[in-house]
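All remarks here apply to the structure that follows.
No lab work stands behind these numbers, since they all come straight from the coordinates. This structure is a prediction, so every number in the text was calculated from the model and none was measured. So basically every Cβ, Gly included, is an ideal-geometry build from the backbone, and we count neighbours across all protein chains shown.
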2 protein chains.
Amino acid sequence: MMPEAVPEAPAQAASRTVFFVSDGTGITAETFGHSLLAQFEQVHFHQVRLPFIDNIEKAAEAIERINQVAKQEGRRPIIFSTLVNQQINTVVRQAQGLFLDLIQTFVEPLENELGFKSSHSIGRSHNMADSKQYQERIEAINFALSHDDGQLHEGLDIADVILVGVSRSGKTPTSLYLAMQYGIKAANYPLIPEDFERNRLPSALPPRRRKLFGLSISPERLCEVRNERRPGSKYASIENCRFEVNAAEALMRRESIQWLSSTTKSIEEIATTILQEIRIETRSF
Amino acid sequence: MMPEAVPEAPAQAASRTVFFVSDGTGITAETFGHSLLAQFEQVHFHQVRLPFIDNIEKAAEAIERINQVAKQEGRRPIIFSTLVNQQINTVVRQAQGLFLDLIQTFVEPLENELGFKSSHSIGRSHNMADSKQYQERIEAINFALSHDDGQLHEGLDIADVILVGVSRSGKTPTSLYLAMQYGIKAANYPLIPEDFERNRLPSALPPRRRKLFGLSISPERLCEVRNERRPGSKYASIENCRFEVNAAEALMRRESIQWLSSTTKSIEEIATTILQEIRIETRSF
C-alpha cells in the first residue's frame, strides 16, 4: 500500500490511520477493510489491529489509542469494527473516528428477514476450535504436508484433489491454502524431466485421473522463480523452463487433465478456481 | 453449521440458502458472511459460492441461479455481495433475494471521509499476485516449510518468530497460518524428551531467545491428538503427555519464554495472539 502522488488533493489527505477493532481475532475486519480501502489508491493507509477487545477495560484502552491518533494527526481515524458485544460496541463507537460497523449494519436486515433475533455473541466462530469443520481443516493441513511433492502415495485415494505441474508452479502454497481455508485434502505431485522423457504420467497418477488438476506457469515467470531458488542453474535457465512447461502442458493436454495458468494469479484465485472446477466435477458424476 | 431444533419457530424458517457473490474470489464475502450468520444459531444455512462474476453474462447466470432457488424454496435467498463493478452490481441486485451489499454500503461514507472517489474496481487486491506483500507471503510459506520441526538451522536468524513446544502442540499449522495470512516468517522447533532430560533448550535456541514463543497444550488434549496419530503408543499415553507438557512448561518458565495454551484456541486465535506479542516486543526494543 504505497502512497501515490495526488497533485490535485491536499497532501495531508493522502495518509490516514485505520483501526480494525474486534472482540475476536479481527481477521474478518481486516480482510474486509483491505478490500474496501483498495478502492482508494490515492490514499496511504497506516493500519492498526486491535483484536480481542472483549471487556470494558480493553474497550477504554482502544478508545484512548484511537483518540490519541486523532489528536496527533489532526484527523479522525477510520474504524472498521466487528465488535459483536453490544455493550463494548456502544463504548468504542464513542471514539473520535469514522466508525464503520460491519456487524450491526447487517444484523437488523438479517433479523427482519430471518424472523430471529441475533445472539449478539461471537457465537460459533469463536468456538471453532471444537467444531468438526475446524478439525477437518487441521486434518487437511496435515494431509497436504504429508502428501507434498509426491512424497507419500498412501492415502492418495482420500485426496479431494491432486495438483500436478512442474517444480515451482505453485502447487505447494495452493495445496496448503485449499486445506487451511476450505478443509480440502489436496495432495501435490511434481511432473519432472523423467516423466517428459518417458512421455507419460508418474505411475501413481493414472488410477486417480479424475482427481488430477494441473497448474502451469509461463516459462519467463518460472525462470524468475527458479532463479531465486537456484541462481544460474540449468534447472532455472529459460531454455529448460520452456522445455519443461511445454512438455508438461502437452502431457496434460494429451491426458485430458484440466489445468490453469498460475502466472498472474494469487493462491487465493488459483484455489477458488480449482474449487469451482472440482465441485462441478463431483456434482456431474 | 448444524440445524437445531427450534420449537417456537415455524419449521421452514430454520433453513435458508445464502449466496456469496463476488467479481473476485468471494473469500471476503464468505468470511464476513460466516461471522454474521454465526449469530443466528437457530437457522441452518445452505451456502453457495458464486466467485468471478466479472461480466454481464455471468451476472445473468447468477440471477437465474438465485431466482431458481427462490422459486424452489418459496423463500428468497440471502445474498452477500462484494461486487465492486457498478454495472454488474446493478444487475445482480435485481435477483429475488435479500441483497446485502458489503462494498457499496461503506464506499459512500468512506468517499465523504477521504474526499476521494472510489475507483469502483477490484483494484489492488486483484493484482495482488504481483505485489511485494504477496511475494513476502509466498516467501514466508516457503520459509515455514523449510524451517518446520527444527529441520534447518540456517536462516533461523531471519525468522520473525520461532515457535517452540512439544510435538503436536500446534506449531506447524500456526507457522503456516502466520506465513499465509500475515507474511510472517515463522520457524518452529520441537521440545523433545532429550531436552527435558538435559533440562535445557536445544542448542540452536538460546542465541535466538528473543524470537522464541512457546505453545503449550493440556495433557488430556495432547493425548487425544497423539492417539489419532499413533494409537496406543507410549508417545500418546496420558502419563507421557503429562510428563512432556509439565517438563516443557517448566523449561519455558525457567528460560522466560512467553507462551500460551493452544488447547481451546483456533490457529487464527493463536496466530493473532502471537502477532500481538511479537509486535509489542519489536516495538519496545
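Using amide H atoms built 1.01 Å from N in the peptide plane, name the residues 5+ places from residue A:17, or on other chains, whose amide H lies under 5 Å from its own.
Residues meeting the amide H criterion: A:46, A:78.
Using the Cα centre of the protein assembly as shown as the reference point, and only Cβ charges (+1 on K/R, -1 on D/E), how large is the resulting charge dipole? Debye, rounded to the nearest 20.
On the way: 64 positive and 72 negative charges, 131 e Å.
Computed about the Cα centre, the dipole is about 640 debye.
Please list, or write none, the lysines whose alpha carbon is within less than 30 Å of the alpha carbon of residue A:117, excluding same-chain residues fewer than 8 places away.
Partners within reach: A:58, A:132, B:71, B:265.
Based on Cβ point charges of +1 for Lys and Arg and -1 for Asp and Glu, what charge dipole magnitude is obtained for chain A about its Cα centre, in debye rounded to the nearest 20? Provide the component values of the computation, followed by the final result.
Values: 32 positive and 36 negative charges, 91 e Å.
I would put it at about 440 debye.
To one decimal in nm, how far is residue B:74 from the same spot in the other copies, if labels go 7 Å from Cα toward Cβ? Please give the shortest first.
Taking the point 7 Å beyond Cα along Cα→Cβ, the inter-copy spacings are 6.4 nm.
Please turn the phi angles of the range B:52-60 into ³J(HN,Hα) values with the Karplus equation 6.51 cos²θ - 1.76 cosθ + 1.60 (θ = phi - 60°), one per residue in order, whole Hz, x for glycine and proline.
Calculated HN-Hα couplings, in order: 6, 7, 10, 8, 5, 5, 5, 4, 5 Hz.
Between the range B:207-285 and the range A:92-123, how far is it from one alpha carbon centroid to the other, in angstrom?
35
Provide, as a two-decimal number, the C-alpha radius of gyration of the range A:71-112 over 2.2 N^0.38 Å, N being how many residues it has. Numbers along the way, then the final one.
Details: Rg = 12.0 Å, N = 42, 2.2 N^0.38 = 9.1 Å.
Against the compact-globule rule of thumb, the ratio is 1.32.
Among B:274, B:169, B:120, which residue has its Cα positioned farthest towards the positive end of the charge dipole of the protein assembly as shown, with +1 placed on the Cβ of Lys and Arg, -1 on the Cβ of Asp and Glu, and the dipole taken about the Cα centre?
Result: B:169, furthest along the dipole toward the positive end.
Quick check on chain A: helices-only [θ] at 222 nm, where DSSP H runs of length 4 and up contribute -39,500 (n - 2.57) each and the sum goes over total residues. Nearest 500, please.
Details: 10 runs with 126 residues, N = 285.
Helix contribution divided over all residues of chain A: -14000 deg cm²/dmol.
At 7 angstrom along the Cα-to-beta-carbon line, where would the label on residue B:153 sit relative to the other copies? Give the distances in nm, shortest first.
Once sorted, the set of distances for residue B:153 reads 3.7 nm.
Using Cβ contacts closer than 10 Å as the measure, can you line up B:245, B:166, B:21 from fewest to most? List each step's numbers first, then the result.
On the way: B:245 23, B:166 27, B:21 30.
Sorted ascending by nearby Cβ count, the order is B:245, B:166, B:21.
Local charge sum around residue A:53 (other residues, Cβ-Cβ under 9 Å, Lys/Arg +1, Asp/Glu -1)? All intermediate terms of the calculation are to be shown ahead of the outcome.
Numbers: positive: A:58; negative: A:23, A:54, A:61.
That works out to -2.
Give a residue-ordered list of calculated ³J(HN,Hα) values for the range B:19-35 (Karplus: 6.51 cos²θ - 1.76 cosθ + 1.60, θ = phi - 60°; whole Hz; x for Gly, Pro).
My calculation for the range B:19-35 gives 10, 10, 10, 8, 8, x, 6, x, 5, 4, 4, 6, 4, 5, x, 4, 4 Hz in order.
Would you mind telling me which residue in B:33, B:170, B:183 has the biggest mean-square fluctuation in a Gaussian network model of chain B, where springs connect alpha carbons within a distance under 10 angstrom?
B:33
If I take all pairs of Cα atoms in chain B, what percentage of them are more than 32 Å from each other? Each step should come with its number before you reach the end.
Values: 18826 of 40470 pairs.
Value for chain B (Cα pairs over 32 Å): 47 percent.
Taking only the alpha-carbon positions of the range B:221-272 and ignoring solvent, what does the Debye formula give for the base-10 log of I(q)/I(0) at q = 0.20, 0.21, 0.24 Å⁻¹?
Treating every Cα as an identical point scatterer, log10 I(q)/I(0) equals -0.82, -0.87, -0.97.
In the range A:208-266, what trypsin sites (Lys or Arg not before Pro) fall in a loop by DSSP, with at most 13 other Cβ atoms inside 10 Å?
Qualifying residues, ordered by number: A:234.
Counting Lys and Arg as +1 and Asp and Glu as -1, each charge on the Cβ, what is the dipole of the range A:130-284 about the Cα centre in debye, to the nearest 20?
Working: 22 positive and 22 negative charges, 57 e Å.
The dipole of the range A:130-284 has a size of about 280 debye.
What does the charge add up to near residue A:81, with Lys and Arg as +1, Asp and Glu as -1, over the other residues with Cβ less than 10 Å from its Cβ?
Numbers: positive: A:93; negative: A:23, A:101.
Summing Lys and Arg as +1 and Asp and Glu as -1 gives -1.
Can you list the distances in nanometres, one decimal and ascending, from the residue B:199 label point to the identical position in each other copy, with the point 7 Å along Cα to Cβ?
List, nearest first: 6.9 nm.
Using alpha carbons only, what's the Rg to Rh ratio of the protein assembly as shown with Rh from Kirkwood? Walk me through the intermediate numbers first.
Values: Rg = 24.7 Å, Rh = 25.6 Å.
Checking Rg against Rh, the ratio lands at 0.96.
Can you divide the C-alpha Rg of the range B:11-125 by 2.2 N^0.38 Å and report the result to two decimal places? The partial results should precede the final answer.
Numbers: Rg = 14.6 Å, N = 115, 2.2 N^0.38 = 13.4 Å.
With N residues counted in the range B:11-125, Rg over 2.2 N^0.38 Å equals 1.09.
Got a sec to turn the phi values of the range B:190-203 into Karplus ³J(HN,Hα) couplings, 6.51 cos²θ - 1.76 cosθ + 1.60 with θ = phi - 60°, whole Hz, x for Gly and Pro?
Result, ordered by residue: x, 9, 10, x, 4, 5, 6, 5, 6, 6, 8, 5, x, 4 Hz.
So for the pair residue B:94, residue A:94, with labels modelled 7 Å out along Cα→Cβ, what separation do we get in nm?
For residue B:94 paired with residue A:94, the spin-label model returns 4.8 nm.
Longest exposed-loop-site-free stretch of chain B, with GluC sites (Glu not before Pro), DSSP loop and at most 14 other Cβ within 10 Å? Intermediate results must be reported in sequence, preceding the final value.
On the way: sites that count: B:4, B:8, B:154.
That would be B:9-153.
What is the log10 of I(q)/I(0) for the range B:129-284, computed with the Debye formula using one identical point scatterer on each Cα and no solvent, at q = 0.08, 0.11, 0.18 Å⁻¹?
Those come out to -0.22, -0.41, -1.08, one per q.
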